[in-house]
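Take a look at the structure set out below.
The values are calculated or read from the model by the stated rules, or taken from the named source; none is laboratory data. Keep in mind it's a predicted model, so treat the numbers as computed, not measured. We place every Cβ from the backbone using ideal geometry, glycine too, and count neighbours over all the protein chains shown. Side chains included, ligands, DNA and RNA excluded: accessible areas come from the protein's heavy atoms. Shrake-Rupley method; radii C 1.70, N 1.55, O 1.52, S 1.80 Å.
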Amino acid sequence: MQIIGPDSLVFGVDDVPACHEFLTAYGLDAHDYTPEKGGHFLSLDGTGLEIRRRDDPSLPPALKTGNMLRMQVLGVVDEAALEAVAAELGKDRQVLRLADGSLRTQDDQGFELSFRVTTRRQLDLPAEKVNAPGDFGRKPNQIGVWQEMPTKPRTLSHVVLFVPDIEPALAFYRDRLGFRVTDTFIGTGPFLRPQANPDHHTHFFIRTPPYMQGCEHLAFHMGGPTELMLAGGKMIKAGFESFWGPGRHKFGSNWFWYFKSPLGCNVEFDADMDTHDDDWVPRETPMGAEAAQAFLFQHRDKWAPSGGPKPGH
Amino acid sequence: MTRLCHLDDLPEGGARGFEVPGLACKVIVVRRGGRVHGWRDFCPHYRGGTPMAWKRDAYLNGAGDHIACHAHGAWFDIETGACVQGPCLGKRLIRVPLIVDEAGAVRLRPGEERR
Ligand code: FES
Ligand SMILES: [Fe+2]
């Protein structure tokens, strides 16, 4: 199955202007937005979030848990890939073909799914480059950081779901949709990557009781760790609240910084994630603080060793 | 007796968080129905607790009728602290007893600073 990953995540929220405030500060661009109706919040390649009022009649039904995620829109490479998804899922469930060409169905947990030929744009942007003895990533005179450098999320990276029934959920994404398991936190759940995307994960499942079903967090890729640090620092300075980070995960190697949000889930910046192909041998380890990150920092206000006694005194 | 704020600093239906020397987390003060309620800014979802606002003082859900943890959307009853929806069902917030004096100053009940 030639699935690329989430093109869009749709939320039905109880405070649309708060989501606008948060998501534009996070670096997404609002499109077709009104405070009454909500709108789209897009990253540089056109992937992003759709934010509507909880009671918007155009939305698919809400989860019973109160979680505000209403639908995942998964992008596939072309029309043939869309046909393949329709044929496979049509075997045991209703798959609607909508007027805009997209497919609509549900996974085995009752999460709403839409599939469409991806609308994401190919990005032609350099990654953050690192200089090191033996390998200079940047040309002479090319500087590595400046305070105002752009820190725009580039693409929707992944969604993490609280899932009551991990085994059937895994079976659906792996066996029906062809996702690969890249790694597993034993007792928690698997990291998954669709076949047409080399990223370590576009999905991660966390085993929970049924009353928690929903979105745990979502993340966008940044251009590198420096962009991530600057973007998170701007959020802190503007009064937004960190949940976890900055740090660097072990599985996937991605840098992370999570912020609480009025979407009722965490919203993460990530950067420099591993990519894989089918030669990769998945790892397994029990979840815990040691396994979850290589290192973890906490933000502090800028400080410099100055202002002490004058020299000679 | 640690003074947190004056009633005039708390609009009806609003919430604010206050740092208290000696306390590991902020104290959330919610003014509702003419009363003030104090809660520790500790979401009980994970061991040890985590702070709940999505930005400074943003503790309430959109309707303003529940305290919400904005990490995963748990909702808590403003009067009882009990979780009514989301990851913390069966758990509750820890109350911080408050005193409002005749002048309208909102204070921690004596002894609360050391807990
Ligand atoms: S940390 Fe508060 S709901 Fe998860
Ligand atoms: Fe993540």
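Amide H contacts under 5 Å for residue B:84: B:75, B:76, B:77, restricted to partners 5 or more places along the chain or on a different chain, H placed in the peptide plane at 1.01 Å from N. Comparing A:270, A:45, A:78 in a Gaussian network model of chain A (Cα springs below 10 Å), the most mobile by mean-square fluctuation is A:78.
Pair-distance distribution P(r) for region A:163-205, from all Cα-Cα distances in 5 Å bins starting at 0: 6, 27, 35, 24, 7, 1 percent. For the protein assembly as shown, a crude dipole built from +1 on the beta carbon of Lys and Arg and -1 on the beta carbon of Asp and Glu, taken about the Cα centre, is about 1340 debye to the nearest 20. Here region A:154-286 is treated as a sphere whose radius is the Kirkwood value from Cα pairs; by Stokes-Einstein at 4 °C and 1.567 mPa s it diffuses with a coefficient of 85 µm²/s.
If I take all pairs of Cα atoms in region B:3-114, what percentage of them are more than 17 Å from each other? Result: 49 percent of Cα pairs exceed 17 Å.
Computed over protein heavy atoms with a 1.4 Å probe, the accessible surface of region B:3-114 works out to 45 Å² per residue. Extension gain, residue A:148-residue A:25: 0.36 nm per intervening residue step, less the Cα-Cα distance, totals 42.8 nm. The candidates B:95, B:31, A:52, arranged from most to least accessible area with a 1.4 Å probe in the full protein assembly, appear as B:95, B:31, A:52. Normalised by residue count, region A:80-182 yields a Cα convex hull volume of 200 Å³ per residue. Relative to the longest principal axis of the Cα atoms of chain A, helix A:79-89 runs at roughly 60 degrees. The slack between residue A:36 and residue A:175, meaning 0.36 nm per residue of separation minus the straight C-alpha distance, is 45.9 nm. Here, the protein assembly as shown is characterised by an Rg to Rh ratio of 1.00, where Rg is the alpha-carbon radius of gyration and Rh the Kirkwood radius. Note on region A:60-135: semi-axes of the ellipsoid equivalent to its C-alpha gyration tensor, largest first and rounded to whole Å, are 34, 19, 12. With a 10 Å cut-off around each Cβ of B:85-95, the average count of Cβ atoms from other chains is 3.
Amide H contacts under 5 Å for residue A:157: A:219, A:220, A:221, restricted to partners 5 or more places along the chain or on a different chain, H placed in the peptide plane at 1.01 Å from N. Using θ = phi - 60° in the Karplus curve 6.51 cos²θ - 1.76 cosθ + 1.60, the 3J(HN,Hα) couplings for region B:83-92 round to 6, 10, 6, x, x, 9, 3, x, 10, 9 Hz; x is entered for Gly and Pro.
Only helical runs count toward this figure. For chain A, summing -39,500 (n - 2.57) over DSSP H runs of n ≥ 4 and dividing by all residues gives -4000 deg cm²/dmol at 222 nm.
Projected onto their three principal axes, the Cα atoms of region A:1-99 cover extents of 41, 32, 24 Å, largest first. Solvent exposure of residue B:83, expressed as accessible area, is near 10 Å², computed with a probe of 1.4 Å over the protein chains only. Derived scalar couplings between HN and Hα for region A:114-122 equal 10, 10, 8, 5, 4, 10, 5, 8, 5 Hz in order, rounded to whole Hz, by the Karplus curve 6.51 cos²θ - 1.76 cosθ + 1.60 (θ = phi - 60°), x for Gly and Pro.
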